[in-house]
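Just below is one structure, and these are the notes that go with it.
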Amino acid sequence: MTEVEDSRLVREFLEGDREAFALILRKYEKPLFNLVYGMVNHYEDARDLTQQVFAKAAGKLGQFNPDYRLFSWLYRIAVNETLNFLNRVRRFEPVTGLRFADRSNPETQLMTREFETQLRRALMRIDPRYRVLILLKHLEGCSYREISRMLSIPEKTVKSRLFTGRRLLYEDLNRRGLLKSHGRTTG
């Protein structure tokens, strides 16, 4: 589905076609759920938050500006809803979904799994404002411009906060001695 198709579906939904929103939901439900789950690390909360995002989006679709990507607009709602949720519950659980390439050596596999676990824990220890940027950039593959639009912050701020988030993550891992033992010694 292209951006033109997204705009058409938004228009059709606003004209009363409920199936148009169902198509939007099918297209974006999984990536939004993955983002939310990566931030809260709790399946039921992520499912509930994703549903809230779509309910909010349906109610505000009339405010959507078709000059922008629907994907970015929905992600922005998801990020805001999730950050609000995290501020309310102050949940800091390990992130899942981070994976490194498997190695054929069993000892290396074990060390890699342990590092992944420690990386997830470190990611959950940093401020959600930085965590969301790391997730959007490195797990979702969003560009600086897309993140800027999603979060309504200047691109320069995205880069600055992403730099800070990476540094905090690096410092946490380094402080725990996890970088030297895995050959990851640069920030």
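Take the Cβ-Cβ distance between residue 17 and residue 68 as r, set R0 to 25 Å, and report the resulting FRET efficiency rounded to the nearest 0.05. Walk me through the numbers on the way to the answer.
On the way: r = 22 Å, r/R0 = 0.86.
Here the calculated transfer efficiency is 0.70.
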³J(HN,Hα) computed for each position of the stretch 69-74 - Karplus, 6.51 cos²θ - 1.76 cosθ + 1.60, integer Hz, glycine/proline x: 7, 4, 3, 5, 5, 5
Of 54, 24, 35, farthest towards positive along the dipole that unit charges on Lys, Arg, Asp, Glu beta carbons give the stretch 1-91: 35
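Highest mean first, what order results for 49-57, 19-27, 130-138 on Cβ atoms within 10 Å? Intermediate results must be reported in sequence, preceding the final value.
Details: 49-57: 19.1, 19-27: 15.4, 130-138: 21.9.
Descending packing order for the listed peptides: 130-138, 49-57, 19-27.
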Karplus (6.51, -1.76, 1.60) ³J(HN,Hα), θ = phi - 60°, over the stretch 124-140, in Hz, Gly and Pro reported as x: 6, 7, 8, 3, x, 4, 8, 4, 4, 5, 5, 5, 5, 6, 9, 9, 8
Centroid-to-centroid separation of the stretch 1-27 and the stretch 32-65 [C-alpha atoms, Å]: 17
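Could you pull out the pairs from 60/159; 30/137; 27/56; 30/56 whose alpha carbons sit more than 26 Å apart here?
On the way: 60/159 29 Å; 30/137 17 Å; 27/56 17 Å; 30/56 17 Å.
The answer is 60/159.
A short reminder: the numbers here are calculations on the coordinates, not readings from a lab. Source: prediction; values computed, not measured. As a convention, Cβ positions derive from the backbone with ideal geometry for all residues, glycine included, and neighbour counts pool all protein chains shown.
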